[in-house]
1. So which helices (runs of 4 or more DSSP H) are wholly in region 1-85 and hold at least 1 residues that are among the acidic types (Asp, Glu) and under 13 Å from the mean Cα position of the chain (by Cα)?
2. Whether any residue in region 94-113 is crowded, with 22+ Cβ neighbours inside 10 Å, closer than 20 Å to residue 136 by Cα and polar (S, T, N, Q) is what I want to check.
3. Please return the ranges of helices (runs of 4 or more DSSP H) entirely within region 106-198 where 3 or more residues are at pLDDT below 95 and not aromatic (Phe, Trp, Tyr).
4. State which residue is nearest to residue 122 (Cα to Cα) when the search covers only region 35-52 and only residues that are of a type outside the set (A, V, I, L, M, F, W, C) and surrounded by fewer than 16 Cβ atoms within 10 Å (Cβ to Cβ).
5. So in region 1-34, with the set limited to residues that are among the charged types (D, E, K, R) and either in contact with a His (Cβ under 8 Å, 6 or more places away or on another chain) or farther than 22 Å from residue 148 by Cβ (or both), which one is surrounded by the fewest Cβ atoms within 10 Å (Cβ to Cβ)?
6. Quick check on region 136-160: of everything there that is aliphatic (A, V, I, L, M) and farther than 17 Å from residue 55 by Cβ, which residue is surrounded by the fewest Cβ atoms within 10 Å (Cβ to Cβ)?
7. So, in region 59-93, of the ones that are surrounded by fewer than 13 Cβ atoms within 10 Å (Cβ to Cβ) and aliphatic (A, V, I, L, M), which residue ends up nearest to residue 174 (Cα to Cα)?
8. Report yes if some residue within region 140-151 is charged (D, E, K, R), within 15 Å of residue 109 (Cβ to Cβ) and out of contact with any helix residue (DSSP H, G or I) (no Cβ under 7 Å at 6 or more places or on another chain); otherwise report no.
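The values are calculated or read from the model by the stated rules, or taken from the named source; none is laboratory data. Please read these numbers as outputs of a predicted model, since none were measured by experiment. Neighbour counts are summed over all protein chains in view; Cβ atoms, including those assigned to glycine, are modelled from backbone coordinates with ideal geometry.
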Amino acid sequence: MSFVAQYIGESIEILQKLDAGAIEKMVNILAATRAGGGRLFLLGVGGSAANASHAVNDFRKIVGMEAYAPTDNVSELTARTNDEGWDGVFANWLKVSRLRAGDCVFVLSVGGGNLEKNVSPNLVRAVQHAKEVGAAVVGIVGRDGGYTATVADACVIVPTVNVVHTTPHAEAFQAVVWHLLVSHPSLKASETKWESVR
């Protein structure tokens, strides 16, 4: 089997194993957040930060929901990292944004954060802060989901079908799932451009 065929086969297997119930639960939480006037904060590091930026656009434009990603402001991100440390960069950003009950923190991550292994501690601290103030937490993560999966109100874990491809599949399926979310009839508020030009 060629590498291309193998990779496509892995992607098909992941699609078949995605937890539809967890996705529906996310839809309900996001719909309730929007209905209550809550805001959505998308957090990610590395490739997941780029996904967070793209998802902010989709939730704002298609869903009509107030949404932000702290990584979109590189000046503040790097100043906070330099002055306050990487661990607290997201939590401190959320504090200035006055994160509160009724808001939602949406984590995009391969590992979901793990303090013991010092992997994405900034995500862990942000989720801890969200829980402290009563904000909802949702996530799309890979592997075992780490801290995010253990405490989130709803979390989609991208199944690991080949450990060698954990990161590319996790980050690719973040995009698949968030595009599903913004296309869901319970969330979609505006037509996307190409679908409206028929």
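1. Here the list reads 47-61.
2. Yes, region 94-113 has at least one match.
3. 193-196
4. Result: 46.
5. So, considering only residues that are among the charged types (D, E, K, R) and either in contact with a His (Cβ under 8 Å, 6 or more places away or on another chain) or farther than 22 Å from residue 148 by Cβ (or both), the one surrounded by the fewest Cβ atoms within 10 Å (Cβ to Cβ) is 13.
6. 151
7. Ranking the qualifying residues of region 59-93, first place goes to 74.
8. yes
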